[in-house]
Amino acid sequence: MAEVIFALACILALFALAMNRASLRVWAIAVAGFTLSAQMGLADGDLHWPAFPLWSLLGWLVAGLLFVASLPEIKRNYIVLPAYRALKGAMPAISETEREALEAGTVGWDAELFSGTPNWEKLRRIAPISLTAEERAFLDGPTAELCKRLDDWRIRHELHDIPDDIWRFVCDRGFLGMLISKAHGGLGFSAQAQSLVLGKISTRSPGGVTIVMVPNSLGPGELIEKYGTNAQKEHFLPRLARGEEIPCFALTGPFSGSDAASMRDIGVVARGQHEGRDTLGIRLNWDKRYITLAPKATLLGLAFRLFDPDNHLGRGEDVGITLALIPTDHPGVEIGRRHLPGGTGFPNGPTRGRDVFVPVDWIIGGQERAGRGWRMLMSCLAAGRSVSLPATSAAAVKSLLRTSTAYARIRKQFNLPIGFMEGVEEPLARMIETAYVLEAARALTASMVSAGEKPAVISALLKYVSTERMRQSVNDALDIHGGKGICDGPSNYIQGAYQMVPVTITVEGANILTRTLIAFAQGALRSHPYLFTEIEALQDQDRARGTARFGRAFEDHVAFTVSNAAGALFHNLTFGVFASAPANSGATRRWWRELARASRSFALVADATVALLGGGLKVKQKITGRMADALAELYLLSAVLKRYDDDGRPEEDLKLVDYCARNCLHRFDQALLGTLRNFPVRWAAWLMAPLVFPLGPRRRPASDEAGKKIVRAALEPGAFRDRLTRDIFISDDPGDRGGLLDYTLAKVVACEEAEKKLERAIRKGEVRRFHDKDWIAEAEAKGVLSEAEARSLAELRDLVARVIAVDDFSANELARGRSPIPPARDSSSQPEHIAAE
């Protein structure tokens with residue numbers, strides 16, 4: 001028995017040393033101590049190991065080797081330098097555009113998840129949803145008013161455009177200047193406020209919100225605010241804030257979408273004439289497409305590659321990607337015919353320029369910012385991508401959930417609300433989970449940006465996750481509504497979102513690219529505690545300095561890897577019982593511990609993935625995609641647990657938190673399992689699998705019964721349903737398509753007992769329900785219903801008929817949507833080559 005206790009004590013001590021990243025010298029002392037203790041136990045007769053002399057010799061040998069390896073010169077010559085030489089050609093090289101993208105954003109909670117030992121206080125210190133009185137008033141006042149004015153059917157079907165009165169309203173009320181500081185005439189709203197405003201508008205018109213979103217996202221306003229010269233700020237920002245200038249930003253071209261390095265749009269520094277004066281300027285040639293607001297824009301932000309063959313700027317010939325501001329009425333600027341993305345109505349189209357000469361002062365930030373455009377863009381994108389699409393995706397899911405739960409309770413089949421059927425219950429449960437999770441992640445990320453962070457990795461994760469899950473929720477809503485959902489018209493509240501889905505999937509980095517090449521592949525370099533430093537050291541042209549930097553990082557990296565290997569095995573064997581959790585975490589303590597346990601496993605596999613695949617990481621996109629999925633689940637679970645705390649821990653929400661946590665962890669396991677099963681370095685997969693899944697992948701998704709509970713709660717009007725759908729546009733007007741649903745839902749609940757009486761009478765044959773008679777009047781006449789009950793049910797019958805009705809059109813009305821015969825072009829205003837667009 002003593003031998004077993006001693007062995008267990010040694011094992012636990014080894015785990016503790018590994019998990020706490022002990023140095024080689026501490027390891028040497030510990031092994032020597034174990035060996036000496038065992039020898040003393042044998043001498044006293046407390047331990048009985050017949051073969052111990054051999055083990056004793058091995059113990060002293062290991063301790064000696066560890067001690068020698070800890071000596072600085074030995075460690076440098078026999079560990080660090082061989083590793084340096086082996087990795088120098090194996091690790092991925094970082095291009096200049098990649099470096100600028102990596103250095104543009106900030107790291108925060110993503111780095112904690114990559115560490116394997118997240119510091120909960122860093123998460124808890126992030127502020128909950130908090131708006132100033134001015135921001136709240138704007139959300140409840142002008143934003144709600146704009147929602148009432150937006151007619152989505154007219155925008156996306158009749159006009160394929162945004163009406164002039166809507167443009168006037170958003171300009172007059174300052175919507176285009178939310179991110180512009182008060183000092184420059186804008187509203188100066190926080191990212192949290194911008195996110196909620198955009199989300200609320202999008203629930204009324206997914207296409208209409210674009211004219212507010214783009215000026216407040218990546219574009220001239222943000223770029224000038226952060227990088228512009230004083231003259232540019234003073235001239236442009238007040239005009240942009242008042243809507244006197246309509247901005248667009250041209251980045252994407254036919255041959256350079258996500259691959260900015262292949263950009264063919266160029267500018268050449270040269271002297272030329274501007275307004276009659278000899279001026280140092282840039283001669284530009286560009287061909288851009290998919291540019292939102294371009295057809296309406298008065299101010300064009302342009303990205304191009306700048307060359308200076310005569311070295312006017314003193315930067316050499318290839319200056320790099322540069323950004324400039326160009327009025328769209330400037331000679332040579334062409335705005336082409338409109339694109340029609342997804343059949344929606346927001347303005348989008350191409351722009352071109354041939355030999356357009358502009359002063360060099362039109363570079364955003366002036367001459368000193370020449371060649372720094374990519375870093376400027378990535379810095380703004382890291383913040384902007386955290387706001388716009390997560391906001392509209394979360395809001396879309398919340399809005400679809402509110403309408404779908406109302407419809408599923410109102411609509412009956414087989415004398416039962418369809419929401420009570422298990423087949424409908426399943427997609428409703430998925431929508432409820434998605435609404436809670438995406439709102440949690442949206443709020444958390446917006447708070448980070450409000451605090452000054454630029455979460456590049458998190459914004460990439462959230463962009464692809466939120467838009468993909470929004471796509472699933474749109475499909476779920478269509479399945480629940482059936483024919484009601486697919487028949488388009490003024491009363492359809494799903495088709496607008498359905499048309500915008502592929503647009504959101506594609507913009508700001510297509511989801512395939514974002515998931516497989518950015519979220520994890522770049523995220524690992526940015527968020528890993530040592531990797532970026534090691535790669536920089538390996539690429540350092542000064543070998544002595546590089547090896548010194550590499551040695552320090554490499555030693556810490558080895559300790560980090562050993563720590564995560566031991567931590568993953570220990571916590572997975574003990575089911576996370578000993579994992580960390582925040583103080584006073586209450587009923588969710590279990591899930592905090594499971595999150596810590598999962599973070600250990602992720603850190604181990606992520607570390608091995610980058611170290612072993614090295615430069616091949618970019619082509620192993622199925623592996624990096626799965627790792628991005630795993631990281632996303634950790635972030636979403638973090639957001640869910642924080643939301644529950646920030647909301648004051650409502651007891652009614654705990655069942656939903658449990659539901660979300662189980663599903664997040666199950667999906668996390670499946671992502672890691674897929675990575676290990678397909679890991680190209682098989683011996684590493686065989687080593688990692690017992691550490692990550694020592695007892696197999698045992699986490700299961702939430703049960704059907706758990707799904708039933710959250711669905712039944714969401715089908716009832718009340719606080720639970722309202723929290724799930726907070727901060728969207730909600731109308732109390734029965735004449736509004738959304739207001740009609742909520743109004744009818746309340747009537748359904750109020751008339752429930754009277755309906756049961758009527759249904760019993762119908763089943764018994766006392767009352768016949770056919771279109772040739774008024775069955776409610778018959779039930780009243782026969783004493784089945786009271787006068788008040790009959791009046792309420794008659795009103796409900798008419799309301800339900802309105803809810804389930806679909807739009808219809810005459811042939812002539814539908815014919816208006818046919819493509820007209822193109823008119824003859826005036827060559828003076830419409831260049832011939834535009835016809836190819």
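What is the local net charge at Glu426, summed over the other residues whose Cβ is closer than 14 Å to its Cβ (Lys, Arg +1; Asp, Glu -1)? Net charge in that neighbourhood comes out at -3. For the range 272-344, the relative contact order is 26 percent, taking Cα pairs closer than 8 Å that sit 6 or more residues apart in sequence and dividing their mean separation by the residue count. The H on the amide N of Ile321, modeled in the peptide plane, is under 5 Å from the matching H of Leu306, Gly373, Trp374, each at least 5 residues off or on a different chain. Per-residue accessible area (protein heavy atoms, 1.4 Å probe) orders Asp476, Asp488 as Asp488, Asp476, starting from the largest.
Computed over the chain, relative contact order equals 14 percent, with contacts defined as Cα pairs under 8 Å that lie 6+ residues apart.
Averaging 1/r over every pair of different alpha carbons in the range 567-679 and inverting the result gives a Kirkwood radius of 14.9 Å. Cα centroid separation, the range 394-470 to the range 261-302: 42 Å. Across the range 548-625, the relative contact order, built from alpha-carbon pairs under 8 Å that are at least six residues apart, equals 27 percent. The alpha-carbon atoms of the range 145-225, seen along their principal axes, cover 39, 21, 21 angstrom, with the largest extent given first. Taking a ≥ b ≥ c as the square roots of the eigenvalues of the Cα gyration tensor, the range 330-474 is oblate, since a/c reaches 1.5 or more and a/b is not larger than b/c. Largest accessible area first, the residues Ile11, Ile480 order themselves as Ile11, Ile480 under a 1.4 Å probe with ligands, DNA and RNA left out. Amide H to amide H, with H built 1.01 Å from N, Thr328 comes under 5 Å of Leu299, Leu300, counting only residues 5 or more places away or on other chains.
Ordered from largest to smallest accessible area (heavy atoms of protein chains, 1.4 Å probe), the residues Thr117, Thr574 come out as Thr117, Thr574. The spread of Cα positions in the range 678-801, taken along each principal axis and listed from longest to shortest, comes to 81, 39, 26 Å. Mark the label point 7 Å from the Cα of Leu14 along Cα→Cβ and return the residues of the range 673-703 whose backbone N is within less than 15 Å of it. Residues 691 fall inside that zone. Carbon-plus-sulfur accessible fraction, the range 261-389 (probe radius 1.4 Å, protein heavy atoms only): 44%. The range 456-510 gives an Rg/Rh value of 1.08, both radii derived from C-alpha positions and Rh following Kirkwood. Normalised by 2.2 N^0.38 Å, where N is the number of residues, the C-alpha radius of gyration of the chain stands at 1.11. Over the chain, DSSP H runs of length four or greater, each weighted -39,500 (n - 2.57), average out per residue to a 222 nm ellipticity of -17500 deg cm²/dmol. In this rough spin-label picture, where each label sits 7 Å from Cα along the Cβ direction, the Leu340-Ala805 distance is 2.9 nm. Residues whose amide H lies under 5 Å from that of Arg289, counting only those 5 or more places away or on a different chain, are Thr252, Gly253, Thr351; hydrogens are built 1.01 Å from N in the peptide plane. Our coupling estimate for the range 313-319, obtained by passing each phi through the Karplus curve with A = 6.51, B = -1.76, C = 1.60 and θ = phi - 60°, is 8, x, 10, x, 6, 8, 6 Hz, Gly and Pro reported as x. Could you check the simple spin-label distance between Tyr78 and Arg590, using points 7 Å along Cα→Cβ, in nm with one decimal? With each label point 7 Å from Cα toward Cβ, the separation is 5.1 nm.
Evaluate E = 1/(1 + (r/R0)^6) for Lys655 and Arg125, where r is the Cβ-Cβ distance and R0 equals 30 Å; express this FRET efficiency to the nearest 0.05. The value I calculate is 0.60.
The values are calculated or read from the model by the stated rules, or taken from the named source; none is laboratory data. Treat the numbers as computed from the prediction; the structure is a model and nothing was measured. Here the Cβ is made from the backbone with ideal geometry for all residues, glycine too, and neighbour counts use every protein chain on show. We work out accessible area using only protein heavy atoms, side chains counted, and drop any ligands, DNA or RNA first. Shrake-Rupley method; radii C 1.70, N 1.55, O 1.52, S 1.80 Å.
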